[in-house]
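Down below is the structure, laid out as structure tokens.
The values are calculated or read from the model by the stated rules, or taken from the named source; none is laboratory data. Since the model is a prediction, treat every value here as computed from it, not as a measurement. Because the Cβ atoms are built from the backbone with ideal geometry, glycine has one as well, and the counts that use them run over all protein chains shown. Protein only, heavy atoms only, side chains kept; ligands, DNA and RNA dropped before computing areas. Shrake-Rupley method; radii C 1.70, N 1.55, O 1.52, S 1.80 Å.
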Amino acid sequence: MEYRDLFLRVKNGNDVRGAALAAGDEKRTLAPGIVSFIAAAYADFLAARYGKAVGAIRVGVGHDSRITAPEMKAAAIRGLAAAQVYDCGLITTPAMFQSTVLPESSFDGAIMLTASHLPFNRNGMKFFTRDGALEGKELAEILEAAAVLAEKNGRLDEEELLIAEKLPEAEHVTVFDMKAAYAAHMKEIICREVQADDYEHPLKGLHITVDAGNGASGFFTTDILEPLGADTTGSVFLEPDGSFPNHVPNPENAEAMAAARQATISAGADLGVIFDCDGDRAAVVFSDGTEVNRNALIALLAVIVAEKHPGSTVVTDSVTSDELAVFLTEEAGLKHLRFKRGYKNVINKGIELNAAGEECELAIETSGHGAFRENYFSDDGAYISVRIICKMAQLRKEGKRIESLIEGLKTPAEAAEIRMKIQTDNFREAGLQVLDEFRTFAEKREDFHIVEPNYEGIRVSFDDPEVKGWMLLRLSLHDPVMPMNVESSDKGGVEVILGRIHPFFAERTVLKPDRDF
């Protein structure tokens with residue numbers, strides 16, 4: 001295998017992801033040598049970006065609870081040997097971004113070792129500067145440079161895994177308590193926002209449970225909520241454990257949300273909070289057990305934003321419901337732009353709108369990646385939770401409940417997602433051809449209404465006596481898959497829509513759906 005191929009195969013959008021351990025049929029792709037050379041290339045990238053010598057560059061390294069974290073961290077630190085390296089230990093991804101902007105640290109760059117909610121054997125790298133996460137194009141340049149370094153300073157073993165034999169070991173590594181700095185930052189925000197009579201204990205009298213999913217966010221309970229007076233009894237899975245023994249650390253996962261719901265109800269808490277493994281996503285549970293993720297989470301945060309920024313635009317991804325769109329515009333008085341899947345796409349669109357003079361204070365994907373303009377457009381699960389908790393504390397002083405904020409949000413009666421594998425090597429070209437053919441198919445049907453503008457795939461709405469709903473057919477960002485989302489406001493409506501589109505897909509043998517329809 002060519003050195004370049006070793007690096008390009010671990011590129012996933014603007015992140016690095018791969019198998020840090022072989023498991024089942026999956027071979028190891030993210031060996032320590034790969035990590036070391038990527039880190040070395042990143043240090044060179046930062047030096048060029050800021051016009052400094054590599055030895056003057058300050059870089060922080062943090063990691064989540066994955067079992068491969070120690071080995072990956074050692075590899076990253078080795079690659080950064082020529083720079084000034086700061087070991088930030090177990091921490092969340094948003095905290096590592098904050099390490100570039102908080103005055104206590106103000107690093108030139110930061111590396112977070114994480115694979116979010118993916119299986120235990122995976123790991124990855126996320127990269128930050130004070131301008132935010134790197135773009136995919138920037139990462140591609142770093143990976144190309146890493147391949148050149150590897151060819152000069154590494155060798156391949158018998159399994160074609162890279163050994164960084166000529167890279168020096170880091171001689172000076174400074175341990176930095178990023179957790180304390182980030183927790184202090186969050187506590188200051190809560191105190192300032194709530195303005196309680198007991199200023200330093202604004203959460204006194206509130207009962208909040210946390211499900212950290214055995215990831216990196218357990219300290220949100222012990223280092224942020226409890227010092228501010230919150231009762232956190234009943235919190236679960238706060239201990240870091242990279243084998244994830246209790247449930248997948250993913251607020252989109254039904255089992256994970258059920259666990260958070262059970263913890264909230266069992267404790268009789270006012271609110272439950274659940275994080276993913278590296279803390280860049282979160283969801284909440286109301287006291288009655290109502291799960292607030294996906295569309296409901298977007299609606300809740302949008303209402304909170306609308307109070308200070310009426311008429312602002314909220315950017316979401318392409319699979320948000322029509323009911324949410326109605327709520328955002330008619331109930332919250334906001335503008336709504338439904339954009340592409342991919343949290344970086346959504347966030348970048350929000351940044352673009354503000355640069356063009358259109359106010360956008362919130363950009364959020366249904367997965368729970370939510371970013372506020374006031375927080376550097378950083379997707380931060382703790383910040384999401386803090387905004388909700390602050391609002392709950394404020395409403396309590398008025399004798400109101402936070403549940404009231406989204407009482408007007410309607411939900412679809414039915415929803416389904418079908419994922420169709422594209423059975424050809426040139427999957428992107430084949431997928432684009434299917435989209436073109438489906439558009440032609442839809443244009444010929446009077447009961448199909450193609451939605452425009454639309455920024456991803458083909459979205460069709462249905463509004464007739466038989467069914468009211470919509471469907472979206474798109475091409476996955478990275479995988480040989482065409483996901484299709486279908487929602488209906490009528491019971492039985494999903495099957496009606498699937499029946500209408502079945503003739504088209506029955507003739508597309510290049511697609512293999514994960515369920516019959």
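Some notes on this structure:
- Considering the range 78-144 at the alpha-carbon level, its Rg and Dmax are found to be 12.5, 35 Å.
- Working note: 222 nm ellipticity from helices only, DSSP H runs with n ≥ 4, each -39,500 (n - 2.57), summed and divided by the residues of the chain, gives -10500 deg cm²/dmol to the nearest 500.
- Protein-only accessible surface at a 1.4 angstrom probe places the residues 391, 152 in the order 152, 391, largest first.
- Placing unit charges on each Cβ (+1 for Lys and Arg, -1 for Asp and Glu) gives the chain a dipole about its Cα centre, and among 72, 506, 120 the Cα reaching farthest toward its positive end belongs to 72.
- For the range 20-67, with all protein chains in place and a probe radius of 1.4 Å, 56% of the accessible heavy-atom surface sits on carbon or sulfur.
- When the pairs 11/52; 11/468; 187/349; 421/444; 11/152 are compared against a 32 Å limit on Cα-Cα distance, 11/468 fall above it.
- Accessible surface of the range 126-169, 1.4 Å probe: 48 percent of it comes from carbon and sulfur atoms.
- Å² of accessible area per residue within the chain, as computed with a 1.4 Å probe and no ligands counted: 40 Å²
- Protection proxy ranking of 212-219, 80-87, 450-457, by the mean of other Cβ atoms within 10 Å over each peptide's residues and highest first, is 212-219, 80-87, 450-457.
- Share of alpha-carbon pairs per 10 Å distance bin for the range 1-89, given as whole %: 16, 46, 31, 6, 1
- Accessible-area composition of the range 352-401, carbon plus sulfur, in percent [1.4 Å probe]: 44 percent
- By a 1.4 Å probe calculation restricted to protein chains, residue 514 has an accessible surface near 100 Å², given to the nearest 10.
- Between residue 171 and residue 4, the simple spin-label model (points 7 angstrom out along Cα→Cβ) gives 3.6 nm.
- Burial order of peptide ranges 243-254, 68-79 (average beta-carbon count within 10 Å, highest first): 68-79, 243-254
- Other residues within the sphere of radius under 9 Å centred on the Cβ of residue 513, judged by their own Cβ, net out at +2 (K and R +1, D and E -1).
- Diffusion constant of the chain at 20 °C, which comes from Stokes-Einstein with the Kirkwood Cα-pair radius and 1.002 mPa s, µm²/s: 89 µm²/s
- Among 382, 476, 441 - extreme Cα towards positive end, dipole of the range 375-517, charges at beta-carbon: 382
- Take residue 459: with every protein chain present and a 1.4 Å probe, its accessible area is about 0 Å².
- Accessible area in the full protein assembly, largest first, 1.4 Å probe, for 137, 52: 137, 52
- Mean Cα-pair separation over length for the chain, i.e. relative contact order, pairs under 8 Å, 6 or more apart, %: 11 percent
- Stokes-Einstein diffusion of the range 470-517 at 25 °C, 0.890 mPa s viscosity, Kirkwood radius from Cα pairs, rounded to a whole number: 208 µm²/s.
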